[in-house]
1. Find the residue count for the stretch B:64-100, including only residues that are within 20 Å of residue A:98 (Cα to Cα), free of Cβ contacts under 8 Å to residues at least 60 places away in the same chain and surrounded by fewer than 18 Cβ atoms within 10 Å (Cβ to Cβ).
2. Of the conditions (1) aliphatic (A, V, I, L, M); (2) within 12 Å of chain A (Cβ to nearest Cβ); (3) more than 12 Å from the chain's Cα centre (by Cα), residue B:39 fails just one. Which one is it?
3. Test residue A:41 against the criterion of being of a type in the set (Gly, Ala, Ser), under 27 Å from residue B:47 (Cα atoms) and in contact with a Lys or Arg (Cβ under 8 Å, 6 or more places away or on another chain), and give yes or no.
4. If a residue has to be within 29 Å of residue B:30 (Cα to Cα) and in contact with a Leu (Cβ under 9 Å, 6 or more places away or on another chain) to count, how many in the stretch A:66-94 make the cut?
5. Going by the conditions given, is residue A:110 within 14 Å of the chain's Cα centre (by Cα), over 26 Å from residue B:88 (Cβ atoms) and more than 11 Å from chain B (Cβ to nearest Cβ)?
6. Please work out which one of (1) modelled with pLDDT under 95; (2) under 17 Å from residue A:19 (Cβ atoms) is the condition residue A:41 fails and give its number.
7. Pick out, from the stretch B:54-103, the strands (runs of 3 or more DSSP E) lying fully within it that include 2 or more residues that are away from every other protein chain (no Cβ under 14 Å) and of a type outside the set (D, E, K, R).
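The values are calculated or read from the model by the stated rules, or taken from the named source; none is laboratory data. On a predicted model such as this, the values are computed, not experimentally measured, just so you know. Please note: Cβ atoms are built from the backbone with ideal geometry, for glycine as well, and neighbour counts cover all protein chains shown.
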Amino acid sequence: KNEVEQSPQNLTAQEGEFITINCSYSVGISALHWLQQHPGGGIVSLFMLSSGKKKHGRLIATINIQEKHSSLHITASHPRDSAVYICAAPNYGGSQGNLIFGKGTKLSVKP
Amino acid sequence: GAGVSQSPSNKVTEKGKDVELRCDPISGHTALYWYRQSLGQGLEFLIYFQGNSAPDKSGLPSDRFSAERTGGSVSTLTIQRTQQEDSAVYLCASTLLGAGGGEQFFGPGTRLTVL
């Protein structure tokens, strides 16, 4: 069974700062998920990545499969980025099946 | 619809009553998952349906919890004899398995409150 650790648990930043959230997992996988949850809102899938790096607007996700580690970066952070960011890995490895979730990183970006 | 839908959005019930929560996945998605998020807690897996295979029920917390997926589409999560610790947001997700698939699309959730 996979175990997923995230850090930091809480993060406060000033608008414009570069943000990094880290995620590590215990069981080798083929794909990792980054999710976003706004207060009172639903969960949105940001990335599913298998190797290297993916970019979507100001969001960048990287993964090192050998090191079992992934990072989510936000460039030029904005108050609307304030949310909980969650990484998740397939429970039994591979790329599919049910997910095991990190505890989330609560990001607050101040104007 | 374009996304995963769930109903009801909110459910308040009395301890000991049974409840049914419904999930309509994205049309054509072969896999469906139920998760729950208790207040202040992270997301936890409950049950997973994949095509016509037997569901993975390994995350169900007790035998009061059960789920069905009819016709490979709509799913119902049933909680019998609800307890206060069942209060949580119940989330459904669906995905298209196979090559290029795997991204999970989440519904808005059902907030269950057991009084």
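1. Total meeting the criteria: 9.
2. All conditions pass for residue B:39, except number (2).
3. So residue A:41 fails the test.
4. Looking only at that region, the number is 10.
5. Criteria not met by residue A:110.
6. Residue A:41 satisfies all of (1) modelled with pLDDT under 95; (2) under 17 Å from residue A:19 (Cβ atoms) except (2).
7. So the answer is B:65-69, B:75-79.
Conditions tested, residue by residue: (1) within 25 Å of residue B:72 (Cβ to Cβ); (2) surrounded by 13 or more Cβ atoms within 10 Å (Cβ to Cβ); (3) hydrophobic (A, V, I, L, M, F, W, C); (4) touching a Leu at 6+ places or on another chain (Cβ under 7 Å).
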residue	(1), (2), (3), (4)
B:16	no, no, no, no
B:22	yes, yes, no, no
B:29	yes, yes, no, yes
B:32	yes, yes, yes, no
B:38	no, yes, no, no
